[in-house]
Amino acid sequence: MYPPIFATVSADAGVTALLGSVPNCRFFLFGQAPQGVTKPYAVWRQISGRPENYLGKVPDIDQFGIQVDVYADSASGARAVAEALRDAIEPVAHITFWRGDSTDPETKNKVFTFEVDWFVNR
């Protein structure tokens, strides 16, 4: 019932070159990044989800909308991680929206945000 986003990105060499490898991969479920974590890092959260419903039979697939936020000291650093995540995710899911660059008002971290639709077979 959950998208395999962590397993997918933590197994990708391009991502691990930038975010580290398991067990120290800096790709966290939203709200789980430790205080003072080394940058760059990324977080993800489910923002939508639904079963693929049919008349007369149970769903065989679930669709999940996921938001990914990349945090870095520089815009170029955030973009580099976003590109690596894109390359890891696109073979198995669909990136549906590039939200682009911003700056976190409190931390002044540079942030790049995008959204993914992930279809998971049951």
| query | Between Gln46 and Val92, what length comes free when the chain is fully extended (0.36 nm per residue of separation minus the Cα-Cα distance, one decimal in nm)? | reply | 14.9 nm
| request: Specify which residue in the list Ala7, Gly36, Leu55 is farthest towards the positive end of the charge dipole of region 5-121, using unit charges on the beta carbon of Lys, Arg (+1) and Asp, Glu (-1), about the Cα centre. | output: Gly36
| message | One quarter of the convex hull surface, Cα atoms only: what value does that give for region 51-122 in nm²? | response | 5.8
| note | Connecting every pair of Cα atoms under 10 Å apart in the chain and solving the GNM, the largest mean-square fluctuation among Glu90, Glu52, Glu106 falls on Glu106
| Quick one: what do you get for region 1-44 if you divide its Cα Rg by 2.2 N^0.38 Å? | 1.09
| request: Please give the helix 75-89 orientation as an angle from the longest Cα principal axis of the chain, in degrees from 0 to 90, rounded to the nearest 10. | output: 30
| field | Label-reachable residues, region 89-119, where backbone N falls under 20 Å from a point 7 Å from Ala17's Cα toward its Cβ | value | 89-92
| Within the chain: Cβ-based charge dipole about Cα centre, in debye rounded to nearest 20 (Lys, Arg +1; Asp, Glu -1) | 180
| query | Expressed as a rounded percentage, what relative contact order does region 5-121 have, with Cα pairs under 8 Å and six or more residues apart? | reply | 25
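Coordinate-derived values only; no laboratory data. All values reported here derive from a predicted model rather than from experimental measurement. No Cβ is skipped: glycine too gets one built from the backbone with ideal geometry, and neighbour counts run over all protein chains shown.
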